[in-house]
Amino acid sequence: MPPMRSALAASLVLLATAAHAQVAGPNDSPDTEPPKGPPVSATVAVCPSALPSLHSPLAFMPGENLEFDLDAMGAQAGKMTMKTQRLDKGVLPVQIDVQTNSFFSKVRRVKGSAVSYLHPRTLRPSRYTEEATENEVHRKVDVAFGTKDRSVKVDYTIGGRSGRYNYTYDKDGLDVAGAIYLMRQLPMKEGLPVCFDVYGIRKMWRMTGVVEKREHVSLPIGEFEAWYLKGIAVRTDRPAMQREVHVWISDDARRLPLVAVGTVDVGAVRATLTAYSRPGDKKQRAQTGKEELKW
């Protein structure tokens, strides 16, 4: 079974971006040396346009807490939480925490946290950080996004080894954690195209997808009408590395990320919402006996 990655790392990054990031096979490991020259190969499709204007008001607020079960190839692997923090110095931090369960820890012990620092109106990131321990190895990443030159500067430390990657993005540059929140604000409609560049696992990926349809979703946490999005994430410096992504977002004022499924070489990884709460509201949790979404 492939190792789990710290806090969300690559692919759509729609919530499913999150799902793939949690589990990556050996072929997904970052290269030892950064790619030379332009980060985007000519074989990677160019985004035809920037992301559409976001829906307002925001579907989430400071204090919102989301909890997910993580499954790898059909076996429960751990838990993930996503929490919106208070506005701080003009940015809106969202924090993601991941920890493997006792069963999966026999294969790989992971405890990690990631924070995306978002503009409170555009939901574009100015900074993204990850810190995690995988077995006995400590990993730390600090990513800075430059809006003027569309730069992405990645400083990382793995064990006692440090390094830096320098990338650029095309029209929109996101990180795997913040992208989930931006997706919640899209003006959903059938056939809406989605395309952006996203940082994950010390690499940049181009995500292209579409809002397929609106459908009913039955989960242990409740019944929902939801928008189903499907996409492909392509590593910009290695286009042959591609990952399929599926995500369901509730079609209501909360725009909850319900389920995300990402594929890796040996199977699928899934994140499923099991609980959510907001300040002043009663916490909603999954109930037993409910049918889960089939995928």
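The values are calculated or read from the model by the stated rules, or taken from the named source; none is laboratory data. In this text, all values refer to a predicted model and were calculated from it rather than measured experimentally. Glycine also receives a Cβ, built like all others from the backbone with ideal geometry; neighbour counts cover every protein chain displayed.
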Of the residues in region 120-152, those that are surrounded by fewer than 19 Cβ atoms within 10 Å (Cβ to Cβ) and at pLDDT below 90 come to E131, T133, E134, N135, E136, V137, H138
Just name the residue that is modelled with the lowest pLDDT out of those in region 234-270 that are among the basic types (K, R) and surrounded by fewer than 23 Cβ atoms within 10 Å (Cβ to Cβ). R238
It is to be established whether one or more residues within region 80-94 are small (G, A, S) and either under 19 Å from the mean Cα position of the chain (by Cα) or within 19 Å of W205 (Cβ to Cβ) (or both). no
Please determine, by comparing only the residues of region 153-167 that are under 29 Å from A77 (Cα atoms) and touching a Pro at 6+ places or on another chain (Cβ under 9 Å), which one is modelled with the highest pLDDT. V154
Complete set of residues in region 270-284 that are among the basic types (K, R) and over 22 Å from the mean Cα position of the chain (by Cα): K282, K283
Per the filter on region 224-233, residues at pLDDT 95 or above and not aliphatic (A, V, I, L, M) are F224, E225, W227, Y228
Selection from region 58-74 of residues that are among the aliphatic types (A, V, I, L, M), more than 19 Å from I221 (Cα to Cα) and part of a loop (DSSP other than H, G, I, E, B): L58, M61, M73
If we keep only residues of region 126-163 that are under 21 Å from the mean Cα position of the chain (by Cα) and acidic (D, E), then the residue nearest to V176 (Cα to Cα) is E130
Is there a residue being out of contact with any Phe, Trp or Tyr (no Cβ under 6 Å at 6 or more places or on another chain) and in a strand (DSSP E or B) anywhere in region 175-192? no
Being at pLDDT below 95 and either in a helix (DSSP H, G or I) or farther than 20 Å from A50 by Cβ (or both): is that true of Y117 here? no
Search region 233-264 for residues being touching a residue at least 60 places away in the same chain (Cβ under 8 Å) and of a type in the set (D, E), and hand back the single one that is farthest from M183 (Cα to Cα). D237
